[in-house]
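Visitor: First the structure, then my questions, so here it is.
The values are calculated or read from the model by the stated rules, or taken from the named source; none is laboratory data. Note that the structure is a prediction, hence the values are computed from the model and not measured. Positions of Cβ are backbone-derived with ideal geometry, glycine not excepted, and every protein chain shown enters the neighbour counts.
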Amino acid sequence: MGVLKRYGTYLPISEKTPSVNLEEGNTPLVRLDRIGNELGIELWGKLEGCNPSGSFKDRGMVLAVAKALEDGARALVCASTGNTSASAAAYAAHVGIPCYVLLPSGHVAMGKLAQALIYGAKVIAVDGNFDRALEMARTCAELKGFAMVNSVNPYRLISQKTGAWEICESLGRAPDAHVIPVGNACNISAYWAGYKDFKAWGKITELPRMIGIQAEGAAPLATGKPCPNPETIATAIRIGNPVSAELAKAAVAESGGEFLTVTDDEILAAQAMLASKSGVFAEPASCTTLAGLVKLGHAKKLQQGATFVIILTGNGLKDPDAALSQVGEPVRIGAEMEELLEALA
Ligand SMILES: *Cc1c(COP(=O)(O)O)cnc(C)c1O
């Protein structure tokens, strides 16, 4: 059952809201014991890459699109580092309306570009960064009367709270710490709001510490300084001017958490570690979370035995180039058994 059906009573929908459902949400929360034991913590990964378009963006998009239809929108528009466009294009195709996507040219992972195109969106590559593409999409929405489905759309953030609710229902409590990549900072804000809801409704007693991880080259929140030219291999969080900066700062401050930065090398190392020691392949932005935990571990700042959830926001298959950049070539042999046995040795 998709999130609108599963959590409908907690979401701003009525009989007039069209039902939209790609069976998003209800993603696996997997215990990652090999890595957890190494770090001395109880580690869980929330596999958001199992959503229909391969990232958590579907959780918010489903409500944004349902409300856009309710309001009579003729088309969707968004700017995107990749996953928002993949998600918007998927839902637009599902409900049968056009979708216009503005991408920062040259900085979108191949899988995400392929998704937007094959779902049938009109894809426009802007010769500028994400922040500029977002401004242009906003103006376009106003001029043309299209529904803007970027995370400035308030329904996205509301419906992304479902991730926090699922974690609490799976664990029977909130984790001690919630570790999440931060780009536009909407997801960290949504999770914090979701945990606070569950506490207010008496479903959990303790709130988690919120730990937001940014890439070193795109870290306006971690450094407290604007970042006019964001640069990182983790293209999903290559953002210099986060839309939900204030909400995210409040989440970290209220929860007694922190913002951390990790380098691109640390992100790639964490991606390989996650894949080879847990069987989970997540895209680079998602792997900032494990990179952050490894870094805290080295600094002896990981509370031993505590429960940590890392949000693995997107599927590794979206960005095969990033993974291939750090692994060797396959061993090549002729079609002879001796050669095979030699290669196995
Ligand atoms: C969008 C996205 C993020 C960043 O989420 P924000 O809400 O922008 O902070 C992280 N990882 C992936 C895979 C994403 O698609």
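Visitor: If only one of SER14, SER53 is surrounded by fewer than 17 Cβ atoms within 10 Å (Cβ to Cβ) and either in a loop (DSSP other than H, G, I, E, B) or touching a residue at least 40 places away in the same chain (Cβ under 8 Å) (or both), which one is it? Reasoning before the result, please.
Guide: Working: SER53 fails: surrounded by fewer than 17 Cβ atoms within 10 Å (Cβ to Cβ).
Matching residue, one of SER14, SER53: SER14.
Visitor: Kindly evaluate ALA147 against the criterion of being over 23 Å from ALA322 (Cβ atoms) and of a type in the set (A, V, I, L, M). Even if it seems obvious, please write down each step before you answer.
Guide: Working: over 23 Å from ALA322 (Cβ atoms): yes; of a type in the set (A, V, I, L, M): yes.
Criteria met by ALA147.
Visitor: While we're here: With the requirement that a residue be within 16 Å of the ligand (Cβ to nearest atom) and at pLDDT 95 or above, what does the stretch 294-345 give you? Lay out the reasoning, then the answer.
Guide: Of the stretch 294-345, the ones within 16 Å of the ligand (Cβ to nearest atom) are 309-323.
The answer is VAL309, ILE310, ILE311, LEU312, THR313, GLY314, ASN315, GLY316, LEU317, LYS318.
Visitor: Right, here's the next one. Kindly establish whether GLY334 is without any contact (Cβ under 8 Å) to a residue 40 or more places away in the chain and on the phi > 0 side of the Ramachandran plot. Write out each step before concluding.
Guide: Numbers: without any contact (Cβ under 8 Å) to a residue 40 or more places away in the chain: yes; on the phi > 0 side of the Ramachandran plot: no.
Taking the combined requirement at face value, the residue does not satisfy it.
Visitor: Would you check which residues across the stretch 201-252 are polar (S, T, N, Q) and either surrounded by fewer than 15 Cβ atoms within 10 Å (Cβ to Cβ) or outside any loop (DSSP other than H, G, I, E, B) (or both) and list them?
Guide: THR205, GLN214, THR223, ASN229, THR235
Visitor: Collect the residues in the stretch 196-219 that are without any contact (Cβ under 8 Å) to a residue 40 or more places away in the chain and either more than 20 Å from the chain's Cα centre (by Cα) or over 21 Å from GLU283 (Cα atoms) (or both), keeping them in residue-number order. Write out each step before concluding.
Guide: Within the stretch 196-219, the first condition is being without any contact (Cβ under 8 Å) to a residue 40 or more places away in the chain, and the residues that meet it are 196, 198-206, 218.
Matches in the stretch 196-219: LYS196, PHE198, LYS199, ALA200, TRP201, GLY202, LYS203, ILE204, THR205, GLU206.
Visitor: For residues that are surrounded by fewer than 19 Cβ atoms within 10 Å (Cβ to Cβ) and either under 21 Å from CYS287 (Cα atoms) or more than 16 Å from the ligand (Cβ to nearest atom) (or both), tally how many sit in the stretch 166-195. Steps first, please.
Guide: At the first step, the residues of the stretch 166-195 found to be surrounded by fewer than 19 Cβ atoms within 10 Å (Cβ to Cβ) are 169-173, 176, 193.
Retained after the next criterion (residues that are either under 21 Å from CYS287 (Cα atoms) or more than 16 Å from the ligand (Cβ to nearest atom) (or both)): 169-173, 176.
Number satisfying all stated conditions: 6.
Visitor: Only one residue in LEU22, LEU102 is closer than 30 Å to ALA275 by Cβ, over 17 Å from the mean Cα position of the chain (by Cα) and not in a helix (DSSP H, G or I), so which one is that? Full working, then the answer.
Guide: On the way: LEU102 fails: closer than 30 Å to ALA275 by Cβ.
When all the criteria are applied, what remains is LEU22.
Visitor: Something else about it: Which one is surrounded by the fewest Cβ atoms within 10 Å (Cβ to Cβ) among residues in the stretch 272-295 that are without any contact (Cβ under 8 Å) to a residue 40 or more places away in the chain and either within 22 Å of THR81 (Cα to Cα) or not polar (S, T, N, Q) (or both)? So that I can check it myself, show each step before the final result.
Guide: To start, the set of residues in the stretch 272-295 that are without any contact (Cβ under 8 Å) to a residue 40 or more places away in the chain comprises 276, 279, 295.
Remaining after also requiring either within 22 Å of THR81 (Cα to Cα) or not polar (S, T, N, Q) (or both): 279, 295.
On the way: GLY279: 10, LYS295: 18.
Among them, the one singled out is GLY279.
Visitor: For the stretch 74-81, state whether one or more residues are modelled with pLDDT under 95 and more than 17 Å from the chain's Cα centre (by Cα). Walk me through how you get there before you give the answer.
Guide: Kept after step one, since they are modelled with pLDDT under 95, are these residues of the stretch 74-81: 74, 79-81.
From the residues that got through so far, the ones that are more than 17 Å from the chain's Cα centre (by Cα) too are 74.
Yes; the residues of the stretch 74-81 include at least one that is modelled with pLDDT under 95 and more than 17 Å from the chain's Cα centre (by Cα).
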